[in-house]
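The values are calculated or read from the model by the stated rules, or taken from the named source; none is laboratory data. Since we're looking at a predicted model, the values are computed, not measured. Using ideal geometry, Cβ is built from the backbone for each residue, glycine included, and neighbour counts are taken over all protein chains shown. Surface areas here come from the heavy atoms of the whole protein model, side chains and all, with no ligands, DNA or RNA. Shrake-Rupley method; radii C 1.70, N 1.55, O 1.52, S 1.80 Å.
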Amino acid sequence: MLVESLASLDLNAIDTLVFAGGGNRCWWQAGAISHLLAQHWRLPAQLVGTSAGAAVAAAFLTAGPQAALASCQRLYADRTRMFEWRGLLRGRLHFAHRHIYPAWLASFVDARHFEAFRQSSNQLQVAITRPARWLGLRGSVAIATLAYLADKLLRGPLHPRLPRLLGLRQELRALHECASLDEARALLAAAGAALPFIPSRRIEGRPAFDGGYTDNAPLPVQSAGERARTLVLLTRRYPKLPPLFRIDGRTYWQPSTRIPVGMLDCTARATVLDAWALGERNAREALANGRLRIG
């Protein structure tokens, strides 16, 4: 993997913006892009995302990231635990995420904005994972989880190969092509279905779950020219890599430090505002020192 450090990037040259997954860490993306838009940058025509990154991207095309953040805070406000122990009496552990995540999506992907984003010039490609045929859903999730943990512990590549080698497949589906509001919400919910916290969904009659199990930073098939106009927003901090760098023609931007929030914390203790603030600060600093340029 050849890494090229970049001193500067002209944001107006970007045509594709990729939102990596990462649960609450994706509020870093929301804070960073919100600040750039406030400085008169415009979203690229092509957005790509998975998991909570896809939801944050969708928020920019619907009610806005501030509305999505406020909804997240409301849903977390009275929550003290991420799961209910009482479910163990029936042999099940009930995670709060399976109720909170769909409610959060519904709060900003609503009927009022549905037709607007379908007609928008900005298009969002949402990445989902399909199970390996030979493993089935449960086996695929188990193998994908082990591959994720191994990758995290061993500091593996930005785009792991193991899940695909084991038969998992990542699909990109256009949100604007969804025929109904329910279909759009189901696609976003499937993209964030991190089992066992959030159940898988059926998309076109087949099981689908969190796209991050295959690749947390989903990439469309692109020509060399398209790769050169792509910016990937990472949510995991890679200490050995520079803040802004290029791999295989694409540009990557990562947080200046570990994002200060629990990835799966859905309680009142979740420091989502800190994650947003870090994104805002990183964007402000990058503009001030010329690392990012608008025009």
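So here's what we get for this one:
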| item | result |
| --- | --- |
| Segment 9-30 residues that are free of Cβ contacts under 8 Å to residues at least 40 places away in the same chain, paired with ones that are of a type in the set (A, V, I, L, M, F, W, C) and surrounded by fewer than 24 Cβ atoms within 10 Å (Cβ to Cβ) (beta carbon under 7 Å, 6 or more apart) | none |
| Output for segment 104-146, where each listed residue is open to solvent by 50 Å² or more (accessible area, probe 1.4 Å), farther than 21 Å from S200 by Cα and among the small types (G, A, S) | A111, A116, S121 |
| Single residue of segment 248-271 satisfying the filter (of a type in the set (V, I, T) and more than 21 Å from C72 (Cα to Cα)) that is surrounded by the fewest Cβ atoms within 10 Å (Cβ to Cβ) | T257 |
| Matching helices (runs of 4 or more DSSP H) fully within segment 152-247 where at least 2 residues are open to solvent by less than 20 Å² (accessible area, probe 1.4 Å) | 181-191 |
